Structures are given as C-alpha cells and as structure tokens.
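Colleague: Below are the structure tokens for one structure; questions will follow.
The values are calculated or read from the model by the stated rules, or taken from the named source; none is laboratory data. Since the model is a prediction, treat every value here as computed from it, not as a measurement. Counting neighbours? That spans all protein chains shown, and the Cβs are built from the backbone with ideal geometry, glycine included.
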Amino acid sequence: MLKVSEILKVKGDILYTASPDTLVREAIAVMSEQNIGSLVIMEHGELVGMLTFREVIRHLHEKKENAGNYTVRSIMDDAPVSVTPNTGADEVQRLMLDKHTRYMPVMDGPVLQGVISFYDMAKAIVEAQQFENRMLKAYIRDWPEENISEH
C-alpha cells in the first residue's frame, strides 16, 4: 500500500510557510511567485493553520477594499486536518474528499514533514497504476508456454 512518506520522497522537500501575522498581500505574493496553492501557517514552531487559494478568494470577494492589509490569521483555516507519514494513500483520498480539502499537512508528531496536495495524490496513484500495469504486462508476456497450450 502506498504511504504518504513515499509520496513526500518523490515530491521533494521544499515547503512554504508563513506566520499568522503575515499580511494577506504578502502571502498572495509568495503563493503567486512560487506557483503554489497553499501556505502552511506556523507560529513558535507549531502548525497553527493553512492558507489556501480558497480562503484567499473568499476573503478578496468579501473585503474587496484593502483586502491585502488583513493578516493571514484572520482568514486561515485554523483547524486543518493533517496526516502522518505512515498514513495510507487510500485514507488520504478519503479524508480529502470527506473534508473537501486539496492540501493536507503531514505531521510526524509535532514536526511538519510536508504538504500533500490533491494533485500529488492523483499523480502518485496514476504512477502506481502505470507501474502495476507494466508489471502485469511483463508477467503475461513471460507466461510459460506449456500453460498456454493446456487451456
């Protein structure tokens, strides 16, 4: 079974964070410049929230004027669902669908290991299916001849 730790190894270890006191306009700039859909919000070395484009868009729609002058704390998800490195891919999929979330922090106890996105999950599943498909085709191609003639 595919685990979160395996997906993180393939994904790499670049992680973008911000503090809750970061201005929304600064967070938007980082997200735009880095072409990312989320920021992990950390305070005193602890995960305190997630900021995704969903919260940003909602905030921009509601505030219109001076939206960038608010702090991330005022718009972040302050109770993000997280997973561990040992969580299976099936469980991550279920949680993402149940909680309507596209980004999940990966925590090993109190230590942030990374973020798994819906895209990361889809990519990992497709790659696992392609690998399985190649293995099955190789197995069928190498099928012993005497077994084929018996059927």
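Colleague: Within segment 9-26, how many residues turn out to be within 12 Å of the chain's Cα centre (by Cα) and over 14 Å from Val115 (Cα atoms)?
Modeller: Qualifying residue count for the region: 0.
Colleague: Still on this structure, please answer the following. Filter segment 2-29 down to residues that are of a type outside the set (A, V, I, L, M) and under 17 Å from Met104 (Cα atoms), then give me how many there are.
Modeller: If we filter segment 2-29 for residues that are of a type outside the set (A, V, I, L, M), which is where we start, we get 3, 5-6, 9, 11-13, 16-17, 19-22, 25-26.
Next, only the ones that are under 17 Å from Met104 (Cα atoms) stay: 3, 5-6, 9, 11-13, 16-17.
Qualifying residue count, segment 2-29: 9.
Colleague: Go through segment 83-120 and give me each residue that's surrounded by fewer than 16 Cβ atoms within 10 Å (Cβ to Cβ) and small (Gly, Ala, Ser).
Modeller: Gly88, Gly109
Colleague: Identify the single condition in (1) surrounded by 20 or more Cβ atoms within 10 Å (Cβ to Cβ); (2) at positive phi that Asn66 does not satisfy, given that it satisfies every other one.
Modeller: (1)
Colleague: Can you name the number of the only condition in (1) closer than 30 Å to Phe131 by Cβ; (2) in contact (Cβ under 8 Å) with a residue 40 or more places away in the chain that Tyr70 fails?
Modeller: That leaves (1) as the condition not met.
Colleague: Would you mind stating whether Tyr119 is touching a helix residue (DSSP H, G or I) at 6+ places or on another chain (Cβ under 6 Å), at pLDDT below 95, of a type in the set (Ser, Thr, Tyr) and closer than 30 Å to Glu55 by Cβ?
Modeller: Working: touching a helix residue (DSSP H, G or I) at 6+ places or on another chain (Cβ under 6 Å): no; at pLDDT below 95: yes; of a type in the set (Ser, Thr, Tyr): yes; closer than 30 Å to Glu55 by Cβ: yes.
Criteria not met by Tyr119.
Colleague: Which one of these is farther than 16 Å from Leu112 by Cα and of a type in the set (A, V, I, L, M, F, W, C): Ala67, Ala79? If you could, list the steps in order and put the result at the bottom.
Modeller: Working: Ala79 fails: farther than 16 Å from Leu112 by Cα.
Among Ala67, Ala79, only Ala67 is farther than 16 Å from Leu112 by Cα and of a type in the set (A, V, I, L, M, F, W, C).
Colleague: Just to be sure, is Met107 in contact with a helix residue (DSSP H, G or I) (Cβ under 8 Å, 6 or more places away or on another chain) and under 20 Å from Met76 (Cβ atoms)? It would help to see each step written out before you state the result.
Modeller: On the way: in contact with a helix residue (DSSP H, G or I) (Cβ under 8 Å, 6 or more places away or on another chain): no; under 20 Å from Met76 (Cβ atoms): yes.
Taking the combined requirement at face value, the residue does not satisfy it.
Colleague: Hey, another quick one. Exactly one condition in (1) surrounded by 12 or more Cβ atoms within 10 Å (Cβ to Cβ); (2) touching a residue at least 40 places away in the same chain (Cβ under 8 Å); (3) within 30 Å of Ala128 (Cα to Cα) is not met by Met76; state its number.
Modeller: (3)
Colleague: Checking the structure you have, find out if any residue of segment 38-61 is surrounded by fewer than 17 Cβ atoms within 10 Å (Cβ to Cβ) and among the polar types (S, T, N, Q).
Modeller: No.
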